[in-house]
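A quick write-up on the structure given underneath.
The values are calculated or read from the model by the stated rules, or taken from the named source; none is laboratory data. Source: prediction; values computed, not measured. Quick reminder, even Gly has a Cβ in these numbers, built from the backbone with ideal geometry, and neighbours come from all protein chains shown. Ligands, DNA and RNA are excluded from the accessible area calculation, which covers all protein heavy atoms including side chains. Shrake-Rupley method; radii C 1.70, N 1.55, O 1.52, S 1.80 Å.
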Amino acid sequence: TGVWNDKVGRVLSVGTGAIVAKGAEVATAIQTKLNATVGTEVSFPSDVKTSTTLNVNGKTLDGNGYTLTSDAQAILKVTTTGGTIKNLTVDGNNQRTSDGKATRGIYNESAGHADYTSSDVNIENVKFTGTAYTFNLYAVAGSGAKLNVTDCTLQGWTSFTNFASTSFKDCDFTMGTYYNPIPTGEIGWNGCVRPYNQTTFENCDFAPGF
């Protein structure tokens, strides 16, 4: 319809033209909502293809089952205020950006320590595909921030550090193709989890070779 209604009843109309326009315009409308000082949840109106990074800004980003495709090095950004990402397919556009950089599904170190989160990050029912890193996330040491990942499909390399705890529940870990072939002497970055804090896995499946 071109109208989104947020949790506090504020209605923002982006117009039907923006909904069906190029992905960059839809991405801009989504980011405007994420930047707003009111409302806690932002929903996707359609599939989105963009060359920019969306910053969650502590809100809940509901993909509504749609796909976010990006040529940016980091597709989604979770910074100091954490946030929730759910019901979304994150497509890394075949592992590399147009200038050859490794693609990260979710990232938060582009501004160094200033971007580290001190709040919880929740990732629910998200499928990562075509990414070198599913997510590469940092928390402020000692902040108590937790990373909770539920019912997700993660393709490739997953890494995180300084969270008070990290949990994976009902997740599928599959092999990526970032290294093809894998260089001699390299370990299997195409399929691995590299945790730097306490981590638990509950009812998770791992592909052969992971």
Out of all the residues in segment 130-143, which are at positive phi and either open to solvent by less than 40 Å² (accessible area, probe 1.4 Å) or in contact (Cβ under 8 Å) with a residue 24 or more places away in the chain (or both)? G130
Residue count for segment 61-83, restricted to those that are under 12 Å from the mean Cα position of the chain (by Cα), within 12 Å of V121 (Cα to Cα) and hydroxyl-bearing (S, T, Y): 1
Determine which single condition F163 fails, assuming it passes every other condition in (1) under 15 Å from the mean Cα position of the chain (by Cα); (2) assigned to a loop (DSSP other than H, G, I, E, B); (3) hydrophobic (A, V, I, L, M, F, W, C). (1)
With the requirement that a residue be in contact with a strand residue (DSSP E or B) (Cβ under 6 Å, 6 or more places away or on another chain) and among the hydrophobic types (A, V, I, L, M, F, W, C), what does segment 44-63 give you? V48, L54, V56, L61
Go through segment 41-56 and report how many residues are modelled with pLDDT under 90 and either open to solvent by 20 Å² or more (accessible area, probe 1.4 Å) or assigned to a loop (DSSP other than H, G, I, E, B) (or both). 4
Picking from S118, S110, which residue would you name as being more than 15 Å from the chain's Cα centre (by Cα) and either open to solvent by 10 Å² or more (accessible area, probe 1.4 Å) or not hydroxyl-bearing (S, T, Y) (or both)? S118
What pairs come up if the first residue lies in segment 16-31 and is at pLDDT 50 or above, the second is part of a helix (DSSP H, G or I) and aliphatic (A, V, I, L, M), and their beta carbons are under 7 Å apart, counting only those six or more places apart or on different chains? E25/A18; V26/A18; V26/I19; A29/A18
Taking N148, is it open to solvent by 30 Å² or more (accessible area, probe 1.4 Å), on the phi < 0 side of the Ramachandran plot, among the polar types (S, T, N, Q) and not in a loop (DSSP other than H, G, I, E, B)? yes
If K127 satisfies all but one of (1) open to solvent by less than 50 Å² (accessible area, probe 1.4 Å); (2) touching a Ser or Thr at 6+ places or on another chain (Cβ under 7 Å); (3) within 21 Å of L61 (Cα to Cα); (4) modelled with pLDDT of 95 or more, what's the number of the condition it fails? (1)
